[in-house]
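The values are calculated or read from the model by the stated rules, or taken from the named source; none is laboratory data. Small disclaimer: the values here were computed from a predicted structure and weren't measured. In this analysis, Cβ positions are derived from the backbone assuming ideal geometry, glycine residues included, and neighbour counts consider all displayed protein chains.
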């Protein structure tokens, strides 16, 4: 078949492309499907289950059959719909779900086995033996029944996300959408016009009807030029609005470079989040096929699509075509194709009263009852008036009527309403607020009605928004009535397809009916009707109608099909946008990050933070060597660790002390200025949840710290307490975590090192004792805060400077401390030091432990109320007798594994004999064996006992000695030196 | 979803962190004789209405105000938003 005359293709240019390795040519303006049809290719794919030969059914995004793999290598994309793939130079496409070739497919044997592959077959057939499902049946079925293949390589393209705001969003650029956009844009509203096609016009591009006596495309071009000149309208072609979300938010995907041979620096697709005050749903309508025997052969397509291919793309699947219709619209296809010198074998109209609209053979009251042609249609069987005949034709246009595209109107669970005279579901009254249906989507099928309804919808929206807009002069257009007869299914014994993509036939629906899977929800799941990638756009209503016929009920009684987003398949790549890999979430870097990188540090992610885990040195081959060395430096000399990541919250105001009293379980109001106190916070349910230090810099000024992990949560809870619980208190909060670089200087030589940077500040034990704090200057005038606090159990300080000086400070400290043995240490050594000292951290404050369990029960003040105080006294919590203990292996070479559960020696290892668990464990260079912390039933009374730590996951257990939860300097003398 | 912030105008819900029932503002009196039972109710029990619900949202990616948002949980229609601080203060003045 060669090209017909006319069409909206640029014949001055030729585009080369290939399908299954064979080379073809098309023109700019073509889709892959139109170019293939113009090259005489009808066979484009194989069906999902039966591997039936299939050709293109539609001319739009509803396409169920012509799914192809596009492009090669990492850019290979499965299941693209040939009907919407815009042709470009060098396009490579392959058919899918066939082996070895599209013309000869070995698995077409499934078609002969179809009696065994009906609805629900896998529920019945593959029941036993049980183990076979996972190992044998499912993999075999997945190989046999399937769609395209993934490249199995990372997607090399880039994607983007964008946000748009407008007064009026127009969904669909056909007659109704254009009229709506024109009305609103001339009124001055901010308008976005989104259309999924690469050319504006919708059905206007498919029809031959005139506007004001001229070509419809001329009217569209004039409008496009006007839109171009207006600053308040944005026209978005190749943009599909796929979902309606709350409060006027619409999701849309724009194909930015899908239609180009190379993205050449551009993103491939953009995900748009459009916030619109009002929107018009002018998404048009989708034609539905009629189910008859063997209605799925290549060459059998929707009558409206056949007309589109002829009028817009000058392509036709055959020189001789027939039309089977139950409505007036099918006759247009015959009329338009005849005008392009395509031979019309016959028009079969199911309505006995039908009249011919042109010079062609009409078989009124007829039905197509069968078809022939293995890889493409050769003839159809027609029965009329009790007679049967075979008519030769290479293509058949089928029209079972039009379904308004109500999908987006259902996205908030709005139920479409059945209209008996139009035999279609129409938008109801319960659609998303602000979304007005118009055009064919609201069953305004004639061009004139579509134009009018679009302008009216826009006028209504403008009135609601208080924007003065008047309806524009609309062009004179075709006003034809649309009459349709309820014919969905031609009775017969052979298989008649309803859902082409998932191979659901009338027989399957009958089986579902016979097996009592009658509610539409059961029908869908039992037969998989409408569950393919096309979501049953051409199938759902027909399936419902067949079930209605079987049950003897009406269609609305049988059920309604409603729709959820997305309207078209949306790739995960575009939903991810740029948020992949390193950009998946924000990465926060400490002020000393670049310095630590220069030191060769190994980093670990802690929440969003990248923290130095340890600093390997030349010759160290195992991380433990580095960690032991770093911990040893803190115990014997001085270590430096960036602790900026700990949350810092500045609390100011006359009532700051009282406020903190109510947040911490211990008393903070009595803290003296210049002193620091450890604080523990409870949740309101009484469990411990975060700890930190609270430093009082002035009467009305505290700085509190939180754990790294809970910095955001604690701040949120403190704001909640301030604004919602005790809003009468005079207190203000601000998070200063990022404002201050804070470096721990820990070890017996820390005072000596700090003395070299402070500006005349007395660091002596008398002047600046353990738990002192001060504001001072360091390094000749740099504003700083100094806290004498210790996480390691050694003499230690934390010094804070404005964040931008953090890098310089650690360099200075390293330089000045070289002779003292200043050593940077990371989070691993930090962990070892705190376990050795027995300080509770994340594993101990797991949200399921109480203050008493971590040995801080006496901190919960009985003198005052605080968050969680009341609930911490309830029996279940107060009665918990598990206590934090230290653990060390009886065999010094033995292991301590965190997560192990503790049992008395000889006791069975069951839930009811479980006595606690190991929370933290590490190798202690100080103790020279592994050590651990854990919660043990009455642990405080069992020091010296030997217990068993069981790790059934690894099949291990170890005998551990219960010791106090402090392995270093239990008297705390080093802290206070 | 859009939250009509009383100070900042309509803001995207993604800027907010959701907490739940605005009854959390009414923390029980810890010194009452039945404090434990009242706190148990306060901490663990929430109404879960299909319909109008007053709930707490925190403008975490914004001005850090806690808001009381009145929302229809069936339609997601937002009927109003107030500063939680003002709600709390007005209750204190009324003696709750």
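Per-structure values
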{"read-out": "Verdict on residue A:18 being under 30 Å from residue A:111 (Cβ atoms), within 38 Å of the chain's Cα centre (by Cα) and either part of a strand (DSSP E or B) or modelled with pLDDT under 95 (or both)", "value": "yes"}
{"read-out": "Filtered residues of the range B:14-41 (kept if in contact (Cβ under 8 Å) with a residue 24 or more places away in the chain, within 9 Å of chain A (Cβ to nearest Cβ) and part of a helix (DSSP H, G or I))", "value": "B:22, B:24, B:25"}
{"read-out": "Helices (runs of 4 or more DSSP H) contained in the range A:492-554 and holding at least 2 residues surrounded by fewer than 17 Cβ atoms within 10 Å (Cβ to Cβ) and within 34 Å of the chain's Cα centre (by Cα)", "value": "A:520-527"}
{"read-out": "Strands (runs of 3 or more DSSP E) contained entirely in the range A:189-259, each with at least 3 residues that are more than 14 Å from chain B (Cβ to nearest Cβ) and within 26 Å of the chain's Cα centre (by Cα)", "value": "A:191-194, A:239-245, A:249-255"}
{"read-out": "Number of positions in the range B:43-96 that are part of a helix (DSSP H, G or I) and touching a residue at least 40 places away in the same chain (Cβ under 8 Å)", "value": "4"}
{"read-out": "Lone unmet requirement of (1) buried (at least 17 other Cβ atoms within 10 Å of the Cβ); (2) assigned to a loop (DSSP other than H, G, I, E, B); (3) in contact (Cβ under 8 Å) with a residue 60 or more places away in the chain for residue B:3", "value": "(2)"}
{"read-out": "Single residue of A:458, A:443, A:480 found to be on the phi < 0 side of the Ramachandran plot and crowded, with 19+ Cβ neighbours inside 10 Å", "value": "A:458"}
{"read-out": "Set A:898, A:861: member being surrounded by fewer than 19 Cβ atoms within 10 Å (Cβ to Cβ), in contact (Cβ under 8 Å) with a residue 12 or more places away in the chain and within 14 Å of another protein chain (Cβ to nearest Cβ)", "value": "A:861"}
{"read-out": "Odd one out for residue A:605, checked against (1) out of contact with any helix residue (DSSP H, G or I) (no Cβ under 8 Å at 6 or more places or on another chain); (2) assigned to a loop (DSSP other than H, G, I, E, B)", "value": "(2)"}
{"read-out": "Qualifying strands (runs of 3 or more DSSP E) (wholly inside the range A:345-399; at least 2 residues being over 45 Å from the mean Cα position of the chain (by Cα))", "value": "A:362-364, A:366-372, A:379-384, A:387-392"}
{"read-out": "Among (1) over 24 Å from the mean Cα position of the chain (by Cα); (2) at positive phi - the single one residue A:581 does not satisfy", "value": "(1)"}
{"read-out": "Residue in the range A:812-825 that is surrounded by 22 or more Cβ atoms within 10 Å (Cβ to Cβ), in a loop (DSSP other than H, G, I, E, B) and on the phi > 0 side of the Ramachandran plot present", "value": "no"}
{"read-out": "Boolean, residue A:685 is in a loop (DSSP other than H, G, I, E, B), within 38 Å of the chain's Cα centre (by Cα), modelled with pLDDT of 95 or more and surrounded by fewer than 20 Cβ atoms within 10 Å (Cβ to Cβ)", "value": "yes"}
{"read-out": "Any hit, the range A:609-624, residues being assigned to a loop (DSSP other than H, G, I, E, B) and closer than 19 Å to residue A:806 by Cβ", "value": "yes"}
{"read-out": "Close pairs from the range A:797-808: first in contact (Cβ under 8 Å) with a residue 60 or more places away in the chain, partner surrounded by fewer than 19 Cβ atoms within 10 Å (Cβ to Cβ) and part of a strand (DSSP E or B), Cβ under 8 Å, at least 6 apart", "value": "A:801/A:782; A:801/A:783; A:802/A:782; A:802/A:783; A:805/A:782"}
{"read-out": "Candidates A:710, A:717, filtered to the one that is facing another protein chain (nearest Cβ under 10 Å), under 41 Å from the mean Cα position of the chain (by Cα) and under 15 Å from residue A:867 (Cβ atoms)", "value": "A:717"}
{"read-out": "Unmet criterion (only one of (1) in contact (Cβ under 8 Å) with a residue 12 or more places away in the chain; (2) in a loop (DSSP other than H, G, I, E, B); (3) over 17 Å from residue A:206 (Cβ atoms)) for residue A:8", "value": "(3)"}
{"read-out": "Residue ID - nearest to the other protein chains (Cβ to nearest Cβ), chosen from residues in the range B:42-57 that are surrounded by 13 or more Cβ atoms within 10 Å (Cβ to Cβ) and over 19 Å from residue A:246 (Cβ atoms)", "value": "B:43"}
{"read-out": "Flag if residue B:90 is within 8 Å of chain A (Cβ to nearest Cβ), surrounded by fewer than 19 Cβ atoms within 10 Å (Cβ to Cβ) and over 19 Å from residue A:733 (Cα atoms)", "value": "no"}
{"read-out": "Test: residue in the range A:86-105 that is surrounded by fewer than 18 Cβ atoms within 10 Å (Cβ to Cβ) and under 21 Å from residue A:300 (Cα atoms)", "value": "yes"}
{"read-out": "Candidate set: the range A:709-756, residues that are part of a loop (DSSP other than H, G, I, E, B) and without any contact (Cβ under 8 Å) to a residue 12 or more places away in the chain; chosen: the one surrounded by the fewest Cβ atoms within 10 Å (Cβ to Cβ)", "value": "A:728"}
{"read-out": "Single residue of the range B:61-81 satisfying the filter (surrounded by fewer than 17 Cβ atoms within 10 Å (Cβ to Cβ) and more than 14 Å from residue A:247 (Cα to Cα)) that is nearest to the other protein chains (Cβ to nearest Cβ)", "value": "B:64"}
{"read-out": "Strands (runs of 3 or more DSSP E) fully within the range A:260-302 counting 2 or more residues that are closer than 30 Å to residue A:323 by Cα and touching a residue at least 60 places away in the same chain (Cβ under 8 Å)", "value": "A:285-287, A:300-302"}
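Residue by residue, here is whether (1) at pLDDT 90 or above; (2) closer than 30 Å to residue A:506 by Cα holds:
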| residue | (1), (2) |
| --- | --- |
| A:549 | yes, yes |
| A:553 | yes, yes |
| A:556 | yes, yes |
| A:568 | yes, yes |
| A:574 | yes, no |
| A:579 | no, no |
| A:584 | no, no |
| A:592 | yes, no |
| A:595 | yes, no |
